[in-house]
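The values are calculated or read from the model by the stated rules, or taken from the named source; none is laboratory data. The shown structure was predicted, so the numbers you read here are calculated from the model rather than taken from an experiment. Heads up, the Cβs are rebuilt from the backbone with ideal geometry, glycines too, and the neighbour counts pull from every protein chain shown. Side chains are part of the model used for accessible areas, which takes the heavy atoms of the whole protein and leaves out ligands, DNA and RNA. Shrake-Rupley method; radii C 1.70, N 1.55, O 1.52, S 1.80 Å.
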Amino acid sequence: RKEVEQDPGPFNVPEGATVAFNCTYSNSASQSFFWYRQDCRKEPKLLMSVYSSGNEDGRFTAQLNRASQYISLLIRDSKLSDSATYLCVVIPASGGSYIPTFGRGTSLIVHP
Amino acid sequence: GAGVSQSPSNKVTEKGKDVELRCDPISGHTALYWYRQSLGQGLEFLIYFQGNSAPDKSGLPSDRFSAERTGGSVSTLTIQRTQQEDSAVYLCASSQGNSPLHFGNGTRLTVT
């Protein structure tokens, strides 16, 4: 089983739709979680951290389910500009060696 | 403030030549990471520095790859005797503790 798994998609949705992605991780000792956004031929950029109690940033909501070992990202009222690849990132707690592991990303295409 | 800076942004080299890729992290960030991303693929971890030491170099694909970091700042990734399969975008990121990673723009390496 891969350490971090994501459905590659693409998720093809109309403007205004609500879309959700999940990301599962295998290391139960994982400590920190993030969602990144990567546009075509660009570097990944931090979208939001994921907190245990769940957190929201505008149209974006992130949640963590430790029992089932997954994190989720919900995007409401999708915009054309949301089209990108969304990467989940998991950082284990392993003797202070913080090696972030990236999922392969979920591709989102928002169409008019 | 200044972000992570990588140079060159593009490098075309002939098979068998050596290349050096440079990363200048965010000032004060003690952790530095190298990843590479082939076209349409996810991020592949190469090596991690904490200060000047590399506690985890498990991702280096072969002994043709090496990296160093001096003064707790600039890092250089060297690829000797480049092969066509080395063609990829090489991404550098820095962080402090287990805070989110900040990426540079990457170096796009093409081996002909």
### Query
Say a paramagnetic label sat at a point 7 Å from the Cα of B:GLN41, along Cα to Cβ; which residues of the stretch B:1-25 have their backbone N under 18 Å from it?
B:11, B:13, B:15-16
### Summary
With DSSP loop assignment and no more than 13 other C-beta atoms within 10 Å, the chymotrypsin sites (Phe, Trp or Tyr not before Pro) in the stretch A:31-81 are A:TYR51
#### Entry: Cross-link reach list, lysines versus B:LYS57, counting only Cα pairs under 28 Å and skipping chain neighbours closer than eight places
A:LYS2, A:LYS42, A:LYS45, B:LYS11, B:LYS15, B:LYS17
### Query
When the accessible area of chain B is split by element with a 1.4 Å probe, what percent falls to carbon and sulfur?
43
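Mind checking B:24-34 for the average number of partner chain beta-carbons within 10 Å of each residue's beta-carbon?
1
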### Task
Work out how much length A:LYS42 to A:ALA29 would gain on full extension: take 0.36 nm times their residue separation and subtract the Cα-Cα distance, in nm to one decimal.
1.6 nm
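Which whole-number percentage describes the relative contact order of the stretch B:57-112, with Cα contacts under 8 Å and a sequence gap of 6 or more? Please list the in-between numbers first.
Values: 63 pairs, mean separation 15.3, N = 56.
Relative contact order, the stretch B:57-112: 27 percent.
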### Query
Please state the relative contact order of chain B as a whole percent: Cα pairs under 8 Å, 6+ residues apart?
37
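Do any trypsin sites (Lys or Arg not before Pro) in the stretch A:16-112 lie in a loop, going by DSSP, with at most 16 other beta-carbon atoms within 10 Å of their beta carbon, and if so which? Can you show the working numbers first?
Details: sites: A:ARG37, A:ARG41, A:LYS42, A:LYS45, A:ARG59, A:ARG66, A:ARG76, A:LYS79, A:ARG104; in loops: A:ARG41, A:LYS42, A:ARG59, A:ARG66, A:ARG76, A:LYS79, A:ARG104.
When the trypsin sites (Lys or Arg not before Pro) of the stretch A:16-112 are filtered for loop state and at most 16 Cβ neighbours within 10 Å, A:ARG41, A:LYS42, A:ARG59, A:ARG66, A:ARG76, A:LYS79 remain.
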#### Entry: Label-point gap, in nm, between B:SER5 and A:GLN69 - each point 7 angstrom along Cα→Cβ
4.2
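Find the relative contact order for chain A and round it to a whole percent, using C-alpha pairs within less than 8 Å whose residues are 6+ positions apart. Could you put the intermediate results ahead of the total?
On the way: 275 pairs, mean separation 41.7, N = 112.
Once normalised by length, the contact order is 37 percent.
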